[in-house]
Structures are given as structure tokens and as C-alpha cells.
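Accompanying notes for the structure given below.
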Amino acid sequence: GLSLYVTGTLISDMTSESLEKAFENLVLLPFGRPLRFRSDNQFKTTGFKALLTTNDIYFETSSPHAPWSNSLAETSIWKVKRAAKALIKIFGESGLERRLPQLFETLNALPSASSLLSPNELMFGEDHSRFPLLQTTQRFTAAQIAVLREKQEQRRKEKREKFLAKANERKRERDIEKGDVVIFLNANITKTPLLRNELMGPGIVTEKLHD
């Protein structure tokens, strides 16, 4: 799976030079050359594409005007923007740049609801002794994560059972046998849309297909 690790910086414009510098400082220098770069059409400048080609990085674009085709990245961007707006509201625009490292450190330390691991742990591994500059501590051992996942699955199972129980309570019991005279509500939208939700009948049950 993906780590959903986020990082970023402030840029004054979307020129090729600004994008190249940001990409070098945020990706190439700290993490090395990625195999693939996926983005929308904002990064299709000639200079930026040349930078990717020089470093033998495969450039993949998402569908234009369709953010849902790159939903994981768009969700991460939305979280960063929301956190940045909160910082601006508290400290003003002038204080945003100084607090960006703290913003990303906080977001990358939040555990995922599915894996119970943070982006930091998924990106760099659970054993942080190999990364002395990574100022985060392991919250859970492997045994603790196994227990938490078991409890999480149990809660999901109980939630599903509770939902099904409520659905069955609302479900009406139908004791219909062959030969009964019935009046029914037409819910067939595709074949008879004009008669949708209209009471039909009376009719005679000629065959009982299932209980």
C-alpha cells in the first residue's frame, strides 16, 4: 500500500523554475529518484518534464478536471490545505512558512484508521533506530498492533450485525401463499417508469418462488 506521507513548501508561482526547485528540494534531495511521478496537468511544463526525463522518472498524468481519479493525493492535499488555513487563522500568513515543518510532522505522525500505523512508520519503517534524525517514537509494538486490529475488526463486525438487526426489524414479514389475492407496490423503474411506486392489483399469486 501507499504511505500517504506528505511534504510541501511555499512557492510564489507555478513557473517551470519554481516547480523544478521545489521538486528537487522536497523529493530528489531527501529521498532520491522516484520511479514514477503522478500528477495533474499543472506539472506539464517543458522544463519540468525535461527534469523528469533527465532523471529517468516516469511521468503519469491523472485525468484532467477529474480529481477523483487521483483521490488519495487529492485527499492528502485537502488535509494539508485545511491545516494550513487553520495556522493562517491563528498566526497570520506571515507565520505560516515557519510552521510548515511542524504542520507536516504532525500530519505524518497521525496513524491510519485501517493500518493503525502513521505515514512516518509506513514510509520509513517501524524501527526508527536506522533513522536517527527522524524525531518520532514507535507508539505500538507488533503484538499491540495485532491486538488493536483484532479489536477493530470485532467492532466492525458488531457494527455490521447491529445494522443488519435494525434492517431486519424494519422488514415486514410476508406470509403469502399460492392462490392469495394481493395488492402490491410497483418498484420496477426500468421497465415501467411511469408506474413507479404505484399500487397495482388486485392480483392472484400463481407461484411461490421462494420463502
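Some points to look at:
- So residue 115, is it in a loop (DSSP other than H, G, I, E, B), within 25 Å of residue 8 (Cα to Cα), at pLDDT below 80 and open to solvent by less than 70 Å² (accessible area, probe 1.4 Å): yes
- Any hit, the stretch 88-95, residues being touching a Leu at 6+ places or on another chain (Cβ under 9 Å) and assigned to a helix (DSSP H, G or I): yes
- Of the residues in the stretch 152-165, at least one is open to solvent by less than 100 Å² (accessible area, probe 1.4 Å), assigned to a helix (DSSP H, G or I), within 19 Å of residue 121 (Cβ to Cβ) and modelled with pLDDT of 75 or more.
- Members of the stretch 56-68 found to be surrounded by 15 or more Cβ atoms within 10 Å (Cβ to Cβ) and at pLDDT 90 or above, listed by number: 57
- Of the numbered criteria (1) at pLDDT below 80; (2) in a loop (DSSP other than H, G, I, E, B); (3) more than 27 Å from the chain's Cα centre (by Cα), the one residue 206 fails is (1).
- In the set (1) assigned to a helix (DSSP H, G or I); (2) open to solvent by 60 Å² or more (accessible area, probe 1.4 Å), the condition left unmet by residue 38 is number (1).
- Some residue of the stretch 73-87 being out of contact with any helix residue (DSSP H, G or I) (no Cβ under 8 Å at 6 or more places or on another chain) and over 20 Å from residue 107 (Cα atoms): no
- Every residue from the stretch 69-101 that is farther than 12 Å from residue 6 by Cα, open to solvent by 40 Å² or more (accessible area, probe 1.4 Å) and not acidic (Asp, Glu): 69, 71, 82, 85, 86, 88, 89, 90, 91, 94, 98, 99
The values are calculated or read from the model by the stated rules, or taken from the named source; none is laboratory data. Note that the structure is predicted; figures quoted are calculated from it, not measured. Note that we place each Cβ from the backbone using ideal geometry, even for glycine, and neighbour counts take in every protein chain shown. The protein model used for the area step is the full one, side chains on, heavy atoms only, and it has no ligands, DNA or RNA in it. Shrake-Rupley method; radii C 1.70, N 1.55, O 1.52, S 1.80 Å.
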